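Quick notes on the structure that follows.
The values are calculated or read from the model by the stated rules, or taken from the named source; none is laboratory data. In this text the structure is predicted, and so the values were computed from the model without any measurement. When we count neighbours, we look across all protein chains shown, and the Cβ atoms used for this are built from the backbone with ideal geometry, even at glycine. To get the accessible areas, we keep the full protein, side chains included, count just its heavy atoms, and leave off ligands, DNA and RNA. Shrake-Rupley method; radii C 1.70, N 1.55, O 1.52, S 1.80 Å.
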Amino acid sequence: IDAKLDDAYFARPKAAKKAATEDALFEGQKKKEPLAQDKVTLQKSTDKLILDAVTKVEHLRQYLGAKFSLTKGQSPHALKF
């Protein structure tokens, strides 16, 4: 894992707070800012490494994609795997 992946890397930039006005309330939705290109390339390279490792293990992709839930009366602490 790259050394630059720390909490500061994943922190969102702080937006300046505006005074609550009626005009600000009805402005509508703001446009999302696109991600920085270096973050996009880092995400793609990380995804490739993870997907390569997942495809090496049989049925791991289906296992990770499966929905797990408890039914009524099932206690998670009583389950044995």
Requested in this report: Filter region 42-51 down to the residues that are at pLDDT 90 or above and aliphatic (A, V, I, L, M), then identify the one that is most open to solvent (accessible area, probe 1.4 Å).
Outcome: LEU49
Query raised in the report: Could we say that GLY73 is modelled with pLDDT of 80 or more and more than 26 Å from the chain's Cα centre (by Cα) here?
Result: yes
Report task. Report the residue count in region 52-76 for those that are open to solvent by 100 Å² or more (accessible area, probe 1.4 Å) and on the phi > 0 side of the Ramachandran plot. Result -> 1
Report task. Could you please let me know if GLN37 is surrounded by fewer than 10 Cβ atoms within 10 Å (Cβ to Cβ), under 30 Å from PRO13 (Cα atoms) and among the polar types (S, T, N, Q)? Result -> yes
Query - Test: residue in region 2-23 that is modelled with pLDDT of 80 or more and among the aromatic types (Phe, Trp, Tyr) - result: yes
